[in-house]
Amino acid sequence: MTRAVNLAAVGSNANTGGTLITSGTAVASTSGTSIDFTGIPSYAKRVTVMFNGVSTNGTANLFVRIGSGSIQTTGYTSTASYMTTGPSTASDTTSFIIRSDNASNNICGAMVIYNISGNSWVENWAGGATGTNQSYVGGGAVTLSGVLDRLRITTSNGTDTFDAGTINILVE
């Protein structure tokens, strides 16, 4: 089950010194297997995905995918790690990956996706998990076929269900 938020329909704007920041509506990540944000405006040069206490009922990694007209599932170069007593790293070519391994992890942090040129995007990720002593880092890149207009948060297996937290985005 995918839940979608159309940013163009529900966003609020704030002018901060010449930069237009558009906020989506926070989505409770308490059910379903994916969360979509659509209607990202064509002027977007930076998209921040914010996670507050997000978890799933399984151990699959979280995936953030972007797209132009549809969600892109190829062409990514992405690596992410979590650290407790030592690092655990994973890579992916179908998404920007957030490394996780524990259903009890409530992930808090932000992934910032930057337009580097044309339809090419890079991202960096930093966060932590409440309830465990884990911190998260990651980065990646992808080139879209057109202008970024949507984003999806899901899991690597596509079947783990969100069971806690809130997700929102900021667009600049």
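The values are calculated or read from the model by the stated rules, or taken from the named source; none is laboratory data. Since the structure is predicted, the reported quantities are computational estimates derived from the model, not experimental observations. Cβ sites come from the backbone with ideal geometry, for glycine too, and all protein chains shown count toward neighbours. To get the accessible areas, we keep the full protein, side chains included, count just its heavy atoms, and leave off ligands, DNA and RNA. Shrake-Rupley method; radii C 1.70, N 1.55, O 1.52, S 1.80 Å.
Over region 81-172, what is the relative contact order in percent, taking alpha-carbon pairs closer than 8 angstrom and at least six residues apart?
24 percent
Place a +1 charge on the Cβ of each Lys and Arg in region 20-172 and a -1 charge on the Cβ of each Asp and Glu, then give the dipole magnitude about the Cα centre in debye, rounded to the nearest 20.
Roughly 220 debye, rounded to the nearest 20.
How large is the accessible surface of TYR82 in square angstrom, using a 1.4 angstrom probe and rounding to the nearest 10?
Near enough 20 Å² of accessible area.
Restricting to Cα pairs below 8 Å that are 6+ residues apart, what does the relative contact order work out to for the chain? Please round to a whole percent.
Relative contact order, the chain: 36 percent.
Based only on Cα atoms, what mean projected area does the convex hull of region 58-154 have, in nm²?
Averaging across all directions leaves 5.7 nm² for the Cα convex hull.
Which order do ASP163, ASP149, ASP36 take when ranked by solvent-accessible area (1.4 Å probe, heavy atoms of all protein chains), largest first?
Descending order: ASP163, ASP149, ASP36.
Under the rule a/c < 1.5 gives rounded, and otherwise a/b versus b/c splits prolate from oblate, where does region 123-164 land using the Cα gyration tensor?
The shape class here is oblate.
Using mean Cβ contacts within 10 Å as the protection proxy, how do 112-121, 139-148, 50-59 order, highest first?
Going by the mean number of other Cβ atoms within 10 Å, highest first, we get 50-59, 139-148, 112-121.
Given bins 5 angstrom wide, list per bin the percent of all Cα-Cα distances in the chain, short to long.
2, 9, 19, 23, 22, 15, 7, 3, 0
Return the calculated 222 nm mean residue ellipticity for the chain, to the nearest 500 deg cm²/dmol, obtained by summing -39500 (n - 2.57) across DSSP H runs with n ≥ 4 and dividing by the residue count.
Calculated from helices alone, the mean residue ellipticity at 222 nm is -500 deg cm²/dmol.
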